[in-house]
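Asker: Take this structure, written in structure tokens, and hold onto it; I'll ask about it next.
The values are calculated or read from the model by the stated rules, or taken from the named source; none is laboratory data. Computed from a predicted model, the values in this text were never measured in an experiment. When we count neighbours, we look across all protein chains shown, and the Cβ atoms used for this are built from the backbone with ideal geometry, even at glycine.
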Amino acid sequence: MRSLWAKFIAPIDGPLMGLVGLLLLVALLSMASASPGRMGTQLAHVALALVVMRVAAQIPPQRLMALAPPLYVFGVLLLVGVALFGDISKGARRWLDLGFIRVQPSELMKIAMPLMLAWYFQKHEAMLRLKDYAIAAIILLIPVALIVRQPDLGTSILVFAAGFYVIFLAGLPWKVILGLTATAAAAAPFAWTMLHDYQRQRILMLLDPEKDPLGKGFHIIQSTIAIGSGGILGKGWGQGTQAQLEFLPERHTDFIFAVHAEELGLLGSLALIVLYAFLIGRGLSIAVKAANLFARLVAGAITLIFFTYAFVNIGMVSGILPVVGVPLPFISYGGTALVTLMLGVGILMSIHKNRMLVQK
């Protein structure tokens, strides 16, 4: 029995698992307060995610590298399938019914994208030219365009960020970054006209949520009320009025940080942010010590995706970013995002375990 347990925990990185474990504990406590009826389902999600993490931690980086191109192509084909045959729900076509299971292919691209781009840069490591960065940009923009078309702005931002981090960490020149930034700023008026009406409304509500307090501004108003009413120490676990009296929408998913802030206050919010900071620090430490370029790029991108999830979610719940449907990492209710995140954690563990190997 002891040998089986030792074999099970062998690939698991202790500090990383400890930080993720604390975040999952916070998630379950928050879920028990925000939506106790969903606790059983969320526990099942956590169990599945832990199994996925454990399996991923056993896959060596060189094997991940071999899987990168077919995984990317498979993900793009699924996105094309969604565009042609996907199920429509709440005005968006994001799901693909395979008969025995209903999947959201865009979630797969959060991992497939950094793997594919890291594979590409590893293959061209000896002489990276601007042409290589341009090809990488095309590899990135194909699935992002398909996801934007669904439409799913939140997931498209995360997939784009995952790919951009790889391109940036691979050495994208600053003059190119500044040029792209200037081009994006100049194209902003055109991009505004391309947004769906509900997306434009989200941005306008960020500027003035009181314009429609009982409609499109309701989420932001109630969320900021919840965060502010928590004060320094909070109202106590299970005592948040905005959540318990159901004023706060989506309190178990995208807006669970508002529940946490109302019940545990500023100190509880800072403690959660510190946990994320340590998690990101651990991931970057793993990236720095990785065995080759592929592993470094993948570890760095996955870690920065954790940062993006947390930054965007806390920003939108606090009223400083538009509401784009990005969950709070490891905390929000849901199985798909949690499994994807834990898959990323497992890959980080694999890269750390194989950090001393010389790989080509």
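Asker: Could you say whether any residue in region 84-97 is under 27 Å from Ile12 (Cα atoms), not small (Gly, Ala, Ser) and not assigned by TED's automatic domain parsing to the domain that holds Thr241?
Answerer: no
Asker: Return the only residue of Ser35, Ser106 being hydroxyl-bearing (Ser, Thr, Tyr), crowded, with 16+ Cβ neighbours inside 10 Å and not assigned by TED's automatic domain parsing to the domain that holds Phe160.
Answerer: After ruling out the rest, the residue left standing is Ser35.
Asker: I've got another one for you. Has region 201-219 got any residue that is touching a Leu at 6+ places or on another chain (Cβ under 6 Å) and assigned to a helix (DSSP H, G or I)?
Answerer: Quick first cut of region 201-219, residues touching a Leu at 6+ places or on another chain (Cβ under 6 Å) only: none.
The answer is no, given that none of the residues of region 201-219 is touching a Leu at 6+ places or on another chain (Cβ under 6 Å) and assigned to a helix (DSSP H, G or I).
Asker: Based on what the data block shows, is Thr241 surrounded by fewer than 12 Cβ atoms within 10 Å (Cβ to Cβ), among the β-branched types (Val, Ile, Thr) and without any contact (Cβ under 8 Å) to a residue 60 or more places away in the chain? Spell out the reasoning first.
Answerer: Working: surrounded by fewer than 12 Cβ atoms within 10 Å (Cβ to Cβ): no; among the β-branched types (Val, Ile, Thr): yes; without any contact (Cβ under 8 Å) to a residue 60 or more places away in the chain: yes.
No: the conditions fail for Thr241.
Asker: While we're looking at this one, here's another question. Filter region 341-360 down to residues that are surrounded by 21 or more Cβ atoms within 10 Å (Cβ to Cβ) and not hydrophobic (A, V, I, L, M, F, W, C) and give me whichever is nearest to Glu262 (Cα to Cα).
Answerer: Ranking the qualifying residues of region 341-360, first place goes to Gly344.
Asker: Which is assigned by TED's automatic domain parsing to the domain that holds Arg202 and over 16 Å from the mean Cα position of the chain (by Cα), of Ala310, Ala271, Ala301? Quick ask: steps written out before the conclusion?
Answerer: On the way: Ala310 fails: over 16 Å from the mean Cα position of the chain (by Cα); Ala301 fails: over 16 Å from the mean Cα position of the chain (by Cα).
After applying the criteria, what remains is Ala271.
Asker: Return the only residue of Ala162, Ala188, Ala170, Ala126 being out of contact with any strand residue (DSSP E or B) (no Cβ under 8 Å at 6 or more places or on another chain) and more than 25 Å from Arg63 (Cβ to Cβ).
Answerer: Ala188 is the lone residue from the list that is out of contact with any strand residue (DSSP E or B) (no Cβ under 8 Å at 6 or more places or on another chain) and more than 25 Å from Arg63 (Cβ to Cβ).
For (1) in contact (Cβ under 8 Å) with a residue 40 or more places away in the chain; (2) aliphatic (A, V, I, L, M), each residue gets a yes or a no:
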| site | (1), (2) |
| --- | --- |
| Phe85 | no, no |
| Ala112 | yes, yes |
| Lys131 | no, no |
| Val148 | no, yes |
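Asker: Of the residues Val51, Val80, Val76, Val26, which single one is modelled with pLDDT under 95 and over 30 Å from Ile351 (Cα atoms)? Lay out the reasoning, then the answer.
Answerer: Values: Val51 fails: over 30 Å from Ile351 (Cα atoms); Val76 fails: over 30 Å from Ile351 (Cα atoms); Val26 fails: over 30 Å from Ile351 (Cα atoms).
Among Val51, Val80, Val76, Val26, only Val80 is modelled with pLDDT under 95 and over 30 Å from Ile351 (Cα atoms).
Asker: Which ranges mark the helices (runs of 4 or more DSSP H) fully within region 240-330 that have 2 or more residues being of a type in the set (Phe, Trp, Tyr)?
Answerer: Passing ranges, in order: 256-288, 293-317.
Asker: Okay, moving on. Against the definition (buried (at least 16 other Cβ atoms within 10 Å of the Cβ) and touching a Gly at 6+ places or on another chain (Cβ under 7 Å)), how does Gly154 come out, yes or no?
Answerer: When the stated conditions are applied, Gly154 passes them.
Asker: Within the set of pairs 6 or more residues apart or between chains, which connect a residue that is outside the structural domain of Ala118 (by TED's automatic domain parsing) inside region 278-294 to a residue that is among the basic types (Lys, Arg) with Cβ atoms less than 8 Å apart?
Answerer: Ile286/Arg355; Ala287/Arg296; Val288/Arg296; Lys289/Arg355; Ala290/Arg296; Ala290/Arg355; Ala291/Arg355; Asn292/Lys360
Asker: Something else about it: Being in a helix (DSSP H, G or I), within 21 Å of Ala161 (Cα to Cα) and without any contact (Cβ under 8 Å) to a residue 12 or more places away in the chain: is that true of Val51 here?
Answerer: Here the answer is no, as Val51 does not meet what is asked.
Asker: Checking the structure you have, find out if any residue of region 137-148 is of a type outside the set (A, V, I, L, M) and modelled with pLDDT of 85 or more.
Answerer: Yes: one or more hits.
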